[in-house]
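Undergrad: My questions will all concern the structure given below.
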Amino acid sequence: MRNLASLVLLLLAFAAPLSAQERSGPLRITITEGVIEPLPFAAPAFIAENPAAGEFARDIAQVIADDLAGTGLFRQIPAEAFISRITSFDAPVQYADWKAINAQALITGAVSAGTDGRMTVKFRVFDVFAQAQLGDGLQFGGSTGSWRRMAHKVADAVYSRITGEGAYFDSRVVFVAESGPKDARKKRLAIMDYDGANVQYLTDDRSIVLAPRFSPTGDRVLYTSYESGFPRIYEMNVASVTRRALDEQPGTMTFAPRFGPDGQAVVFSLSSGGNTDLYKLNLASGARQRLTSAPSIETAPSFSPDGSQIVFESDRSGNQQLYIMPSGGGEAQRISFGKGRYSTPVWSPRGDLIAFTKQYQGRFHIGVMRVDGSEERLLTSSFLDEGPTWSPNGRVIMFSRESQGAQGSSTLYSVDITGRNLKRVPTPGGASDPSWSPLQK
Amino acid sequence: MQTGTYISGAAHAALIAWVLFGGALQKKPAAPMPENMNVSVISAAELAAMSARQPDAPADAPAPPPVPPQENAPQAPAAEPPVKTTDAPSPKAPPAADASPDVTAIEPLPKAPSGETAPAAPPSPDTQTSARLVVKTPQPPQQQAAPRVAPKAAPAPPKDAQISDQAQKEVAPDPLAADKTPQKPKEAKAPAQAATEIVTEAEKPKAPLKSQRPKTRPSRPAAPKVAANPAKPPKPPAKSATDSAVAAALAATAPAPAAPSGPPLTGGEKDALRVAVQACWNVGSLSSEALATTVVVGVSMNRDGTPDAGSIRMLSSEGGSAAAAKQAYETARRAIIRCGAGGYNLPVEKYGRWQDIEMTFNPEKMRIK
């Protein structure tokens, strides 16, 4: 019995601290379920600090609001709902007024324009419920002609501060502008802001152009043109609109070029004698290296962000699938094993995902998968979706979608990698084959 | 025989061990719950009185603990002319357009917008006082509820009473014959015509006011009693060794009572708090990295159930960079403040239990799939 008693005593002694601990200290709760909805923000018209800035003040605030709301992550609160007005850039913020309309973020700013054609834009972001400023205020200077860029830069800063990830508003997209019916379509290179503004044409429509690709610095573009009668790769300087042909080899066709992360290496497909393989070209030295040598078709190469690997498509297994190999060539590993055909792989700037086009059961999808081929998920589905390109922050994918029928036309769309916020990117006419630039400096 | 005793002893020991470590004891609180869940009938008036209390809180501007001036001495204001990067040469090509947008200078502005902190001063009188009210009036709100309800109810009847002009004439004499209490008939007229609810609430609430909130658990106090027992040493000595051992062990648990006041929150009460915070935890705008970051946030609560915004702080984070943790924390902070603006539904009598709360925000389930 004594043994039993001491055993009980022992056990109780153990239990004692447990219950004691349970009773003291702060209350602890764990929250694992939240909500996913756009964050409401208020962006009152910026303050015009002088008469010349008047026309920009409102427009800049609107572009910022459009940028943020366009991500699907934010929701703009209409100005009609505002209780208090921002009358001065440095005036105290009446948090209670903004809280009352549930504005969780508040963006205030001011614009001043000089007579010399230059202007400055400054802004601040506030976390209304925490009653604190988010980060420092910033000021941008530039010419009045580039007010949209300055607005995008402000939006970029706001986006980064609230979401914690890189932004993409101050970026551009090069694409193929299309016009005319399907059987006689005219194509030319065009460039625009990411939101469809400021469209410019880089080539005329005398020859067909395909698949433009931005350089890592955004100053040059590689594309394929049929100018000579055969597909051939050209490099264009975006600012000067000058171009040159790359790696001219008689009797061959070159296409599907893409820059390496250093801006000097270019990978592309070269077709000779009925066989298509991948090659790498050094723009500085002109040295060319063959990366694959298989009787199958290898094309659509894309570098990993660190430049160590290349993902591409090949039909070596019988139909189009995705493969990864070292950037210097070597054994390739297949990563796509789902049903259907995979093509146009593009490595995310973050390095964690690969976007691709998938054809399955008569429909096309834009999808993403991990670098090892796992966690494949399809983001879109339509008659014809293809040619994905990543936003600079790896959060959004732009692609071209073609509608069915003889009168069908191609347009650009963008979608969040969550599959949400699918929306059309406005372009003057038809558009296809987009390539997103890096964030501009 | 002894073999049987040993077997029996071993079996009992195992059973006791299982009871203690198997969680049976810890789940104890669950047992009393059903008993405590006794439905306490709340009259409409009580309910009205309780709900009437809420309007008070919102009326006060959410405690804006004036953020300490973070103003880093604004060094060089806009003085510095933007760094000029010559606009890229305009393209030779026809599309002159704005191929060369030049956005050059990027300068940090004088950090702390005078608006934030400095301004805090001017509006402070209002906001601060209101903030204090929030803090100091945790209990009052309930008491105030009655007076406010009453005054509102009072004016109502007269409006309706206007319908009967004759009655007013009688009303006038009332003050004269105040002592006679013939008022009853008059009151009867008013309620009959006016909105009955308001009148009845105004009268009845006085009683319910004292009973602040439905008592949810009378049973728990048992624990402290146990603690009290050990205080009586005389008993044990007479008992067997086992009893003394049990008593001694229980005595060891006794020190706890000094801790937080009131019985612990029930699972239901905790759940209610969790659900309330969840409703405002919007992770839609978080980066994928922040969505992989778990943060533990500490917050001190006011007695009226509102969080003390100034006390919210990040205790720890796990799974992401410092920047990601900061975003995750800010989102959590917004959730606590937003949904707590009207006061979380927490039992006042257990204030000691939830005065300080540690909330762990784990977005694992919210991650992009």
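The values are calculated or read from the model by the stated rules, or taken from the named source; none is laboratory data. Here the structure is a predicted model, which is why all the values come from computation and not from measurement. Positions of Cβ are generated from backbone atoms using ideal geometry, with glycine treated the same way; all protein chains shown enter the neighbour counts. Keep in mind that these areas ignore ligands, DNA and RNA; they rest on the heavy atoms of the full protein, side chains included. Shrake-Rupley method; radii C 1.70, N 1.55, O 1.52, S 1.80 Å.
Undergrad: Nearest 100 Å² is fine: what is the total accessible surface buried where chains B and A meet, probe 1.4 Å?
TA: On the way: alone 24410 and 21290 Å², together 38090 Å².
Counting both chains, the buried surface is close to 7600 Å².
Undergrad: Would you mind getting me the FRET efficiency between A:Asn50 and A:Ser207? Use the beta-carbon distance for r and R0 = 56 Å, nearest 0.05.
TA: On the way: r = 49 Å, r/R0 = 0.88.
Efficiency at R0 = 56 Å is approximately 0.70.
Undergrad: Show me B:342-351, A:167-176 ranked by packing, highest mean number of other Cβ atoms within 10 Å first.
TA: Numbers: B:342-351: 18.8, A:167-176: 25.3.
Listed from highest to lowest mean packing, they are A:167-176, B:342-351.
Undergrad: Give me the extension gain from A:Gln361 to A:Ala406: residue separation times 0.36 nm, minus the current Cα-Cα distance, reported in nm with one decimal. Write down the numbers at each step before the final one.
TA: Numbers: separation 45, 0.36 × 45 = 16.20 nm, distance 2.14 nm.
Length gained, A:Gln361 through A:Ala406: 14.1 nm.
Undergrad: Output the peptides A:234-245, A:91-102 sorted from most to least packed, where packing is the average of other Cβ atoms within 10 Å over each peptide's residues. List each step's numbers first, then the result.
TA: Numbers: A:234-245: 17.2, A:91-102: 18.9.
Packing order, densest peptide first, comes out as A:91-102, A:234-245.
Undergrad: Then there's this: Select from segment A:172-212 all residues whose loss of accessible area on going from the chain by itself to the full protein assembly reaches 40 Å² or more (probe 1.4 Å).
TA: Residues passing the criterion (a loss of at least 40 Å², heavy atoms only) are A:Gln200.
Undergrad: If packing is taken as the average number of other Cβ atoms within 10 Å across a peptide's residues, how do A:190-197, A:112-119, A:353-360, B:10-17 rank, most packed first?
TA: Working: A:190-197: 20.8, A:112-119: 16.0, A:353-360: 22.9, B:10-17: 12.6.
Top of the packing list down: A:353-360, A:190-197, A:112-119, B:10-17.
Undergrad: I want to check the label-to-label distance for A:Asn102 and A:Ser293. Put each point 7 Å from Cα in the C-beta direction and report it in nm to one decimal.
TA: Each label point is offset 7 Å from its Cα along the Cβ direction, giving 6.6 nm.
Undergrad: Would you kindly state how much longer the chain becomes between A:Val35 and A:Ala245 on full extension, computed as 0.36 nm times their sequence separation minus their alpha carbon distance, in nm to one decimal? Let's see the in-between values first.
TA: Numbers: separation 210, 0.36 × 210 = 75.60 nm, distance 5.24 nm.
So the chain would gain 70.4 nm between A:Val35 and A:Ala245.
Undergrad: Evaluate the distance, in nm, between pseudo-label points positioned 7 Å from the Cα of A:Ala197 and of A:Ser228 along their respective Cα→Cβ axes.
TA: Between A:Ala197 and A:Ser228, the label points sit 4.0 nm apart.
Undergrad: Once you put a point 7 Å from the Cα of A:Asp183 and another 7 Å from the Cα of B:Ala272, both along the Cβ direction, what distance in nm separates them?
TA: Result for the modelled spin labels: 7.4 nm.
Undergrad: Can you pull the mean other chain C-beta count within 10 Å for peptide B:6-13?
TA: Taking all residues of B:6-13 together, the mean is 2.
Undergrad: Based on Cβ point charges of +1 for Lys and Arg and -1 for Asp and Glu, what charge dipole magnitude is obtained for segment B:267-366 about its Cα centre, in debye rounded to the nearest 20?
TA: Working: 11 positive and 11 negative charges, 28 e Å.
Dipole of segment B:267-366, to the nearest 20 debye: 140 debye.
Undergrad: Right, here's the next one. Averaged over peptide A:311-317, how many Cβ atoms belonging to another chain are found within 10 Å of each residue's Cβ? Display every interim value, and only then the final one.
TA: Details: counts 0, 0, 0, 0, 0, 0, 0.
For this peptide, the per-residue mean of nearby foreign Cβ atoms is 0.
Undergrad: Work out, step by step, the length gained on full extension between A:Ser84 and A:Val371: first 0.36 nm times the residue separation, then minus their alpha carbon distance; give nm to one decimal. Don't skip to the end; give the middle numbers.
TA: Working: separation 287, 0.36 × 287 = 103.32 nm, distance 4.97 nm.
Between A:Ser84 and A:Val371, full extension yields 98.3 nm more.
Undergrad: To the nearest 20 debye, what is the magnitude of the charge dipole of segment A:39-163 about its Cα centre, counting +1 on the Cβ of each Lys and Arg and -1 on the Cβ of each Asp and Glu?
TA: Values: 11 positive and 12 negative charges, 27 e Å.
In debye, rounded to 20, segment A:39-163 gives about 140.
Undergrad: Let me ask another. Helix check for chain A. Which DSSP H runs span at least 20 Å along their own axis by Cα, with a mean Kyte-Doolittle hydropathy no less than 0.0?
TA: On the way: long enough: A:2-23 (31 Å, 0.90); A:54-70 (25 Å, 0.25); A:147-163 (24 Å, -0.45).
Those that pass (Cα extent of 20 Å or more, hydropathy at least 0.0) are A:2-23, A:54-70.
Undergrad: Here is a follow-up. Take the Cα gyration tensor of segment B:267-366, multiply each eigenvalue by 5, square-root it, and list the three semi-axes largest first, rounded to whole angstrom. Spell out each step's value before the answer.
TA: On the way: eigenvalues 116, 33, 26 Å².
Listed largest to smallest, the semi-axes of segment B:267-366 are 24, 13, 11 Å.
Undergrad: Is there a simple number for the mean count of other chain Cβ atoms within 10 Å of the Cβ of residues in A:155-164, and what is it? Display every interim value, and only then the final one.
TA: Values: counts 0, 0, 1, 0, 1, 3, 3, 6, 9, 18.
So the per-residue partner count for this stretch is 4.
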